[in-house]
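**Student:** The structure's right below; bear with me while I get my questions together.
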Amino acid sequence: MLSKRKIKKTFPLDFYGEEGSWRFIIRADHPGEVLDAMYWRAYISCHRKDFDLLHMAVGMFNYKHNYSSSEASEIHYGISGSPLTINMMGPIVPISAILEKMSSKQRES
C-alpha cells in the first residue's frame, strides 16, 4: 500500500551568513537561485558595509548572541553573574532582491 505522507518542500532554501555578531539570511526561492545565494552570502559576509539588507528584507528572524570579550572591563554580566545573552533580529533577504539591486546599479553606471 502506498503511503500518503505529505512531501516536504525544499524551497525556499535559506543560507545563513554573518559578519561579527550580525547575522542575516539570503533566501533562494527555486533551484536556479541556489548558486547565486551561496555566492552572495559569502560576498556580503566580507563586504557587509556595502549593503543595506534591512531595506531589502522580506522578513526577520530571531537569534541569541552571547556577548563576550577578551577585555574584562567590557564583559557585561546579568543579575545571576553569567555572561549576558542578547536577543537579536536578522534580516531575511531574497536573492532576487539582491540581483535586482545589482543589475540596477550596473544600468546606472
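The values are calculated or read from the model by the stated rules, or taken from the named source; none is laboratory data. Everything numeric here is computed off the predicted structure, so don't read it as measured data. FYI the Cβ positions are ideal-geometry reconstructions off the backbone, even for glycines, and counts take in every protein chain you see. To get the accessible areas, we keep the full protein, side chains included, count just its heavy atoms, and leave off ligands, DNA and RNA. Shrake-Rupley method; radii C 1.70, N 1.55, O 1.52, S 1.80 Å.
**Student:** If a residue counts only when it is of a type in the set (F, W, Y), surrounded by 11 or more Cβ atoms within 10 Å (Cβ to Cβ) and modelled with pLDDT of 85 or more, which strands (runs of 3 or more DSSP E) contained entirely in the chain have at least 1 such residues?
**Tutor:** Correct list: 13-19, 22-28, 59-66.
**Student:** Any residue in the range 96-109 that's free of Cβ contacts under 8 Å to residues at least 24 places away in the same chain: show its pairings with residues that are in a helix (DSSP H, G or I) and among the aromatic types (F, W, Y) at Cβ separation under 9 Å, as long as the two are six or more apart or on different chains.
**Tutor:** From the range 96-109, the pairs are M102/W40.
**Student:** Which pairs do you get when a residue that is on the phi < 0 side of the Ramachandran plot, found in the range 48-61, comes within reach of a residue that is open to solvent by 30 Å² or more (accessible area, probe 1.4 Å) and at pLDDT 90 or above, reach meaning Cβ atoms under 8 angstrom, with the pair 6+ apart or on two chains?
**Tutor:** M56/K101; V58/R27; M60/M89; F61/M89
**Student:** Of all residues in the range 24-60, count the ones that are farther than 21 Å from F11 by Cβ and in contact with a strand residue (DSSP E or B) (Cβ under 7 Å, 6 or more places away or on another chain).
**Tutor:** Count: 3.
**Student:** If you don't mind, another one. Identify, by number, the condition in (1) more than 11 Å from the chain's Cα centre (by Cα); (2) within 21 Å of S103 (Cβ to Cβ); (3) small (G, A, S) that S21 doesn't meet.
**Tutor:** Of (1) more than 11 Å from the chain's Cα centre (by Cα); (2) within 21 Å of S103 (Cβ to Cβ); (3) small (G, A, S), only one is false for S21: (2).
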